[in-house]
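Comments concern the structure below.
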Amino acid sequence: TKIAPAELRPFIDNASRPSEMKFEGLRRQLSVSRLKEIHQFRLLAKRLRYQGEVQKALLGATRLDVNKLELVQDIVGQSCDEWQLRRRFRKYLKTTKSNHRAESQAIQDKLTEDVGRSLRRALKKIAQIAWTGNPAIHPKL
């Protein structure tokens, strides 16, 4: 059921367009070496998902593929969490004097390797999602 008046439909429908364009630009340049962009991509997916949910509530439908955006958010979120764990462990090692430096370094190396593998898998999963047109959206309703 729609609750927004018909004259507001274009405004509500177009409100997400800037985020959609930014999402598409980031999606095309995702790589393991660009962690900041991967995190921004996740935040944009979240923003677009929320905008899609609002559009659906107000208009009865949305161009945004809310399910795929949620999937992207989950996939990237797990990898970003793992990367943060690795960063925190590295920071901990720098602030702690340890007699087990070799073991700590081995753990850090293993974490870095595992996180890199996880990010590569996440980006591969995102690339395999069957996007329609603009990646975040369905064809015009």
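None of the figures in this text is laboratory data; all of them are computed from the coordinates on show. As the structure is a computational prediction, the values presented were derived from the model and not from experiment.
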*asked:* On a straight-distance basis, which lysines could pair with Lys124 in a cross-link, Cα separation under 18 angstrom, same-chain partners fewer than 8 positions away excluded?
replied: Lys36, Lys68
*By a straight-distance test (C-alpha under 19 Å), which aspartates and glutamates pair with Lys91 as possible cross-link partners, with residues fewer than eight away in the same chain excluded?*
Asp81, Glu82, Glu103, Asp109, Glu113, Asp114
*asked:* Would the range 1-127 count as rounded, prolate or oblate if I go by the C-alpha gyration tensor, calling it rounded below 1.5 in a/c and otherwise prolate when a/b exceeds b/c, oblate otherwise?
replied: prolate
_Built amide H within the under 5 Å cut-off of Leu64, gap 5+_ = His138
